[in-house]
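One structure is given below, encoded as structure tokens.
The values are calculated or read from the model by the stated rules, or taken from the named source; none is laboratory data. This one's a predicted model, so the numbers in the text were calculated from it and none came from an experiment. Every residue, glycine among them, receives a Cβ derived from its backbone with ideal geometry; neighbour counts consider all protein chains shown. The accessibility values were calculated without ligands, DNA or RNA, using every heavy atom of the protein model including side chains. Shrake-Rupley method; radii C 1.70, N 1.55, O 1.52, S 1.80 Å.
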Amino acid sequence: MKLKPIEQQVVAVVGASSGIGRETALQLAKRGAKLVVSARSESGLASLVKEIEQFGAEAIAVPADVADYAQVQKIADATVDRFGRLDTWVHAAATAVISPFEQVTLEEFKRVIDVNLMGPVHAAKAALPLLRRTGRGAFVAVSSVEARRSMPLQTSYSASKHGLEGFLDGLRAELRHEGVPISITNVMPSVINTPFYNKARTKLGVKPTGVPPYYQPSLVAEAILHAAEHPTRDMIVGDVGRAVDLLQKFAPDLVDTVVGAIAIPGQRTDTIKATDDPNNLFEPIEGYDTVTGDFSDKIIPSFLDWFDTHPAAKWSTAAGLGALALIAANLFKDME
């Protein structure tokens, strides 16, 4: 499967008004892509289009709530009406309720599922016919490391991301069986410094936070751009996320204990925030149409992401380490 270079692509970015989506749209614009940007925040989209145009790129904004399929279909229709085709769909829209499960209402839980899981389902329904018509393309969904390891106080969010991974895996298998040249990628960020925690509804009594350390949104955007040009199955962004995924595979009971001890107190800040304070669960909120959030002092670099965008080096390194392990095992055996 061969995908087009970014500068030749028409890309729809959904969830583009802030955070990962906004940074992705800006990086795509710098590379020369034509863009359709969507979110619920009309002011956020308007400011984003202005930024994109400063790079000499072309973009249109389509306000939409991804929980409503008809609104998602309007994104697809606007893409074809303006640019004639779709090459990549990037889906980054998400919301959350950060709270003990027993305090989450069924309406709140369902809303998170509707946005975080049904949103990408709606997107795939709208995007796949266009990608088939184009003849090739990519569908890139921004999930979370919580697709692999659930977090306490985020049961609805974790459930939605587990479901999203299952949906993408099944969809990918169907397309491969048909021989359809559409790449399906699951991008799973670790804790990222975006306005996500400013926007989430919380019942903790205080402003929530991810469990540090944090990573830059630009790392996730770089992974998305790579997936738009190079067919890729899964990408975990952030070394901590890779470690959590590995531990979950081999010692899930240990991880249960660790996240219970660390993540429950670790998701609280000292800033008072009431449940009815502005949040984006059901409606967009103003004032957070930025790429980064409030936790720049907790950012660390990530070193292993580079290998995902340089697979030859990745597998060469893996082969080298395997050879060294075999040599060491033989030497140890000879010493016995």
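Of the residues A123, V66, S17, the one whose Cα sits farthest towards the positive end of the charge dipole of the chain is A123 (charges of +1 on Lys and Arg Cβ, -1 on Asp and Glu Cβ, taken about the Cα centre). With all pairs of separate Cα atoms included, the chain yields a Kirkwood hydrodynamic radius of 20.6 Å.
Of R136, R242, R111, R268, the residue with the largest accessible area leads and the full order is R268, R136, R242, R111 (1.4 Å probe).
Here the gap between Y69 and F303, fully extended at 0.36 nm per residue and compared with their Cα-Cα distance, gives a gain of 80.4 nm. Nearest 0.05, what FRET efficiency do L106 and R133 give at R0 = 35 Å with Cβ-Cβ as r? Between L106 and R133 the formula returns 0.35.
Under the combined filter of DSSP loop state and at most 14 neighbouring Cβ atoms within 10 Å, the stretch 1-30 retains these trypsin sites (Lys or Arg not before Pro): K2. A 1.4 Å probe, protein heavy atoms only, puts the accessible area of T271 near 80 Å².
Can you send over the carbon and sulfur percentage of the accessible area for the stretch 1-136, probe radius 1.4 Å, protein chains only? Carbon and sulfur atoms account for 51 percent of the accessible area of the stretch 1-136. Lysine pair count for the stretch 6-301 with Cα-Cα distance under 19 Å and sequence separation of 8 or more or different chains is 16. Averaging the sequence gap over all C-alpha pairs within less than 8 Å and six or more residues apart, then dividing by the number of residues, gives the stretch 6-301 a relative contact order of 22 percent. Per residue, the accessible area of the chain comes to 45 Å² when a 1.4 Å probe rolls over the protein heavy atoms. Sort the stretch 113-240 into rounded, prolate or oblate with this rule: let a ≥ b ≥ c be the square roots of the eigenvalues of the Cα gyration tensor; rounded if a/c is under 1.5, and if a/c is not under 1.5, prolate when a/b is larger than b/c, oblate otherwise. Prolate shape, in that a/c is at least 1.5 and a/b is the bigger ratio. In the chain, helices alone account for a calculated mean residue ellipticity at 222 nm of -16000 deg cm²/dmol, with every DSSP H run of four or more residues adding -39,500 (n - 2.57). Take the alpha carbon atoms of the stretch 110-154, find their center, do the same for the stretch 246-312, and report the distance between the two centers in whole angstrom. Cα centroid of the stretch 110-154 versus Cα centroid of the stretch 246-312: 19 Å apart.
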